[in-house]
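**Q** Structure incoming, see below.
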Amino acid sequence: MTATHTRPEAGAGGSSAVGSDPGARNEGAPGRWSAPAAQEHGAVPARQGHRAAPAGQGHRSATDEHRAAPGGRAHRAAGRGVRDALALVLLPVPLLVAALPAAFAGGGTRRWFGGRGESQRAEAQAARDAAAEAFYELDTAQRDLKISIETINAVDNSPRGRKAAEDFAALGRRIDEVSHAYITAVDSHDLDRDDLEPSVASRARTELTRAKDDLVRVKGELDRFGQGLGPLLGSAETQLARLAPAVERARQALLGASNALDAVRAAGLRADELAARLAALAPELTKLNQGAGKHGVAETLQRADVVLRDAEALRAEAERLPERAAEIDRRLVSLRTRAQALTTRAGSVEPVLSELRRRFSAACWQDLQPVPEQAAVNVRQAEEKLTEAAKAREEQRWADATSRLSTVRALLNAVDEAVSAAGDRLQRLDAVAKDPQQEIERTRFAVRDAQRLAMAGRHTPDPRHARPLDDSVARLDRAIAGLEGRHPDYWHFLTETEAVRQTAARVVSDIREERGGGG
């Protein structure tokens, strides 16, 4: 093989034909060469026993000179090349012929830069760079997706969330496999080595291209998996976005409740109950401060909502406490005054009962006999509860005071109704005894109104409406007949007419409801 076809590699042999000064090229020679070091001292032929200088000791390639020595050193190297070429030209022909093999050999076969070997190296290095880029993109995508999976795991403990974590772990194992293959391919070949063989470069390119393709394929699987996480990730991010504001609102609510309680105490109110409820929220605040990392996002959100609700209720009660105390004071005064007034009114029940007994039959007043005694008992119990309420207010037991006052109010209402019932009974009996016709006409009008509504738009009434109305007419007739005699039971008459009017009103309500629903 000629020197034209033999391309050298960096650092192999003596002088190189690549990178020399074009002006020193020898016409007719395949390339430019440098004479051996021995010929620089008298141009002694190689056959006289002198050996050419070993590679790397006497000469450096022009490429190395350009790399190692900028500026003047490169020009000096080119100058030496010119002098060597001139020395060979000036040699006699026999010496020139003898010097030519030594010049080509340079102490051994020289390797040229460029050619197919350098092309294979460049292709392998390009494959290495492409694989490195694919590895970087896969690593970045895996890191980003890991954050998404951690977000989902922190919030979603559902079967879908657990499956997403398992699928990501499986993808991680495949990523480890292709990454290991890539790293092995990179470590197995030093593509920057000067004596890299073309076959080695070709094999490295094949392995690196395969590693790059595997990295890209797994990257595609990772991207598709990430797109499928959209709904889960959106829900998880929404809950995480709620987490910090929810916890902060709970903390602020607790602070507001504490401040309101301090203001109440500064006003001279103890508020022991509210203080105990606030203290009970302290463990919940501790768990909130420990965060979702320990207790989970869902549980922390729920706890924050509970603390917020309870703390706001505490703050509202604390802010209302001064007003509540004033309201209890007002109710104490008002109920005490009412109890005194009912005591006076209860004393008038006995004269009313006496009038009823004198003028009407026993059926008209017998049920009112216990009213005076029961009124006195209720008033006495109300006064006792008032005393207990006043003591609870003084001790700032607000709930107890409110409960006692509610009991007082119920007792006094019962007394008021009983006393009023006796007076109303006498009034109504007086009216019907003087003129029962007014009560009769009032009742008949109610029945006729119901009958007209039942016949509206019909030839015959609905039996469900006609039957109770017919019964009411008969019941009214019997009540009217009961007024005849020496001592009529006017109270029975009044209760019967009231019952007839209630029946008519119920029929009217049923008819309107049915027709309203049908329309």
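**Q** Would you mention how many residues in the stretch 225-258 are farther than 30 Å from ARG397 by Cβ, without any contact (Cβ under 8 Å) to a residue 60 or more places away in the chain and hydroxyl-bearing (Ser, Thr, Tyr)?
**A** Residues flagged as farther than 30 Å from ARG397 by Cβ, without any contact (Cβ under 8 Å) to a residue 60 or more places away in the chain and hydroxyl-bearing (Ser, Thr, Tyr) within the stretch 225-258 amount to 1.
**Q** Which number in (1) under 28 Å from GLU355 (Cα atoms); (2) crowded, with 18+ Cβ neighbours inside 10 Å; (3) β-branched (Val, Ile, Thr) marks the one condition that VAL500 misses?
**A** Looking at each condition in turn, VAL500 falls short on (1).
**Q** Kindly evaluate GLY482 against the criterion of being modelled with pLDDT under 90, open to solvent by 80 Å² or more (accessible area, probe 1.4 Å) and of a type outside the set (Lys, Arg).
**A** Working: modelled with pLDDT under 90: yes; open to solvent by 80 Å² or more (accessible area, probe 1.4 Å): no; of a type outside the set (Lys, Arg): yes.
Against the criterion (modelled with pLDDT under 90, open to solvent by 80 Å² or more (accessible area, probe 1.4 Å) and of a type outside the set (Lys, Arg)), GLY482 does not qualify.
**Q** Got a number for residues in the stretch 217-264 being basic (Lys, Arg) and either within 26 Å of LEU301 (Cα to Cα) or at pLDDT below 90 (or both)?
**A** The total comes to 3.
**Q** To continue, here is another question. Being in contact with a Lys or Arg (Cβ under 8 Å, 6 or more places away or on another chain) and assigned to a helix (DSSP H, G or I) is true for just one of LEU411, LEU426, LEU469. Which residue is that? Show your work before the answer.
**A** Working: LEU426 fails: in contact with a Lys or Arg (Cβ under 8 Å, 6 or more places away or on another chain); LEU469 fails: in contact with a Lys or Arg (Cβ under 8 Å, 6 or more places away or on another chain).
The conditions single out LEU411.
**Q** Which residue pairs have Cβ atoms closer than 8 Å, lie 6 or more positions apart in sequence or on different chains, and pair a first residue in the stretch 269-282 that is within 19 Å of VAL307 (Cα to Cα) with a second residue that is hydroxyl-bearing (Ser, Thr, Tyr) and assigned to a helix (DSSP H, G or I)?
**A** Pairs found: LEU278/SER258.
**Q** Would you call ALA298 farther than 30 Å from ALA375 by Cβ, in contact (Cβ under 8 Å) with a residue 24 or more places away in the chain and surrounded by fewer than 18 Cβ atoms within 10 Å (Cβ to Cβ)? Steps first, please.
**A** Values: farther than 30 Å from ALA375 by Cβ: yes; in contact (Cβ under 8 Å) with a residue 24 or more places away in the chain: yes; surrounded by fewer than 18 Cβ atoms within 10 Å (Cβ to Cβ): yes.
Against the criterion (farther than 30 Å from ALA375 by Cβ, in contact (Cβ under 8 Å) with a residue 24 or more places away in the chain and surrounded by fewer than 18 Cβ atoms within 10 Å (Cβ to Cβ)), ALA298 qualifies.
**Q** Here's a follow-up. Among the candidates ALA263, ALA250, ALA341, single out the residue that is small (Gly, Ala, Ser), over 27 Å from VAL408 (Cβ atoms) and over 24 Å from the mean Cα position of the chain (by Cα).
**A** Details: ALA250 fails: over 24 Å from the mean Cα position of the chain (by Cα); ALA341 fails: over 27 Å from VAL408 (Cβ atoms).
So the residue among ALA263, ALA250, ALA341 that is small (Gly, Ala, Ser), over 27 Å from VAL408 (Cβ atoms) and over 24 Å from the mean Cα position of the chain (by Cα) is ALA263.
**Q** Continuing with this model, one more query. Failed condition for THR151, given (1) in contact with an Asp or Glu (Cβ under 7 Å, 6 or more places away or on another chain); (2) open to solvent by 40 Å² or more (accessible area, probe 1.4 Å); (3) assigned to a helix (DSSP H, G or I); (4) at pLDDT below 85, with all others met?
**A** Of the numbered conditions (1) in contact with an Asp or Glu (Cβ under 7 Å, 6 or more places away or on another chain); (2) open to solvent by 40 Å² or more (accessible area, probe 1.4 Å); (3) assigned to a helix (DSSP H, G or I); (4) at pLDDT below 85, the odd one out for THR151 is (2).
**Q** Pull out all pairs, ordered by first then second residue, where Cβ-Cβ is under 8 Å, the residues are six or more apart or on different chains, the first lies in the stretch 407-424 and is open to solvent by 50 Å² or more (accessible area, probe 1.4 Å), and the second is of a type in the set (Lys, Arg).
**A** Here the result reads THR407/LYS385, each pair linking the stretch 407-424 to a residue that is of a type in the set (Lys, Arg).
**Q** Here is a further query. Output the residue which, of all residues in the stretch 119-138 that are under 40 Å from the mean Cα position of the chain (by Cα) and of a type in the set (Asp, Glu), is nearest to ASP194 (Cα to Cα).
**A** Among residues in the stretch 119-138 that are under 40 Å from the mean Cα position of the chain (by Cα) and of a type in the set (Asp, Glu), the one nearest to ASP194 (Cα to Cα) is GLU133.
**Q** Any residue that is open to solvent by less than 50 Å² (accessible area, probe 1.4 Å) and either modelled with pLDDT of 90 or more or of a type in the set (Val, Ile, Thr) (or both) - is there at least one of those in the stretch 154-162?
**A** Looking for residues that are open to solvent by less than 50 Å² (accessible area, probe 1.4 Å) and either modelled with pLDDT of 90 or more or of a type in the set (Val, Ile, Thr) (or both), one finds at least one in the stretch 154-162, hence yes.
**Q** Being of a type in the set (Lys, Arg), under 26 Å from ARG121 (Cα atoms) and either over 23 Å from the mean Cα position of the chain (by Cα) or in a helix (DSSP H, G or I) (or both), is that true of even one residue in the stretch 168-180?
**A** No, the conditions are met nowhere in the stretch 168-180.
**Q** Quick one: which residue in ARG315, ARG331, ARG336, ARG303 is under 16 Å from GLY256 (Cβ atoms), basic (Lys, Arg) and either part of a helix (DSSP H, G or I) or open to solvent by 60 Å² or more (accessible area, probe 1.4 Å) (or both)?
**A** Unique residue meeting the criteria: ARG315.
**Q** In the stretch 181-201, how many residues are in a loop (DSSP other than H, G, I, E, B), within 11 Å of ARG128 (Cβ to Cβ) and open to solvent by less than 50 Å² (accessible area, probe 1.4 Å)?
**A** Result for the stretch 181-201: 2.
**Q** Kindly evaluate GLN374 against the criterion of being on the phi > 0 side of the Ramachandran plot and either touching a residue at least 40 places away in the same chain (Cβ under 8 Å) or in contact with a Pro (Cβ under 9 Å, 6 or more places away or on another chain) (or both).
**A** no
**Q** Quick check on the stretch 130-143: of everything there that is open to solvent by 90 Å² or more (accessible area, probe 1.4 Å) and charged (D, E, K, R), which residue is farthest from ASP213 (Cα to Cα)?
**A** Out of the qualifying residues, it is ARG143.
**Q** Could you check the stretch 204-234 and list, in sequence order, the residues that are farther than 30 Å from GLN120 by Cβ and among the acidic types (Asp, Glu)?
**A** Of everything in the stretch 204-234, those that are farther than 30 Å from GLN120 by Cβ and among the acidic types (Asp, Glu) turn out to be GLU221, ASP223.
**Q** Does GLY519 qualify as being at pLDDT below 90, among the small types (Gly, Ala, Ser) and over 24 Å from ARG358 (Cβ atoms)?
**A** In short, yes.
**Q** Considering each of SER509, SER472, SER420 in turn, give the residue that is of a type in the set (S, T, N, Q), within 60 Å of the chain's Cα centre (by Cα) and modelled with pLDDT under 95.
**A** Only one candidate qualifies: SER509.
Residue by residue, here is whether (1) more than 24 Å from GLU327 (Cα to Cα); (2) open to solvent by less than 40 Å² (accessible area, probe 1.4 Å); (3) of a type in the set (Phe, Trp, Tyr); (4) part of a helix (DSSP H, G or I) holds:
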site	(1), (2), (3), (4)
GLU441	yes, no, no, yes
ASP449	yes, no, no, yes
ALA454	yes, yes, no, yes
GLY457	yes, no, no, no
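**Q** Right, LEU261: touching a helix residue (DSSP H, G or I) at 6+ places or on another chain (Cβ under 7 Å), open to solvent by less than 30 Å² (accessible area, probe 1.4 Å), in contact (Cβ under 8 Å) with a residue 40 or more places away in the chain and not in a helix (DSSP H, G or I) or not? Break it down stepwise before answering.
**A** Details: touching a helix residue (DSSP H, G or I) at 6+ places or on another chain (Cβ under 7 Å): yes; open to solvent by less than 30 Å² (accessible area, probe 1.4 Å): yes; in contact (Cβ under 8 Å) with a residue 40 or more places away in the chain: yes; not in a helix (DSSP H, G or I): no.
Considered against the rule, which asks whether it is touching a helix residue (DSSP H, G or I) at 6+ places or on another chain (Cβ under 7 Å), open to solvent by less than 30 Å² (accessible area, probe 1.4 Å), in contact (Cβ under 8 Å) with a residue 40 or more places away in the chain and not in a helix (DSSP H, G or I), LEU261 comes out as no.
The values are calculated or read from the model by the stated rules, or taken from the named source; none is laboratory data. Because the structure is predicted, anything quoted here is derived from the model rather than measured. Virtual Cβ from ideal backbone geometry, glycine too; neighbours counted across all protein chains shown. Areas reflect the complete protein model, heavy atoms only, side chains present, ligands, DNA and RNA absent. Shrake-Rupley method; radii C 1.70, N 1.55, O 1.52, S 1.80 Å.
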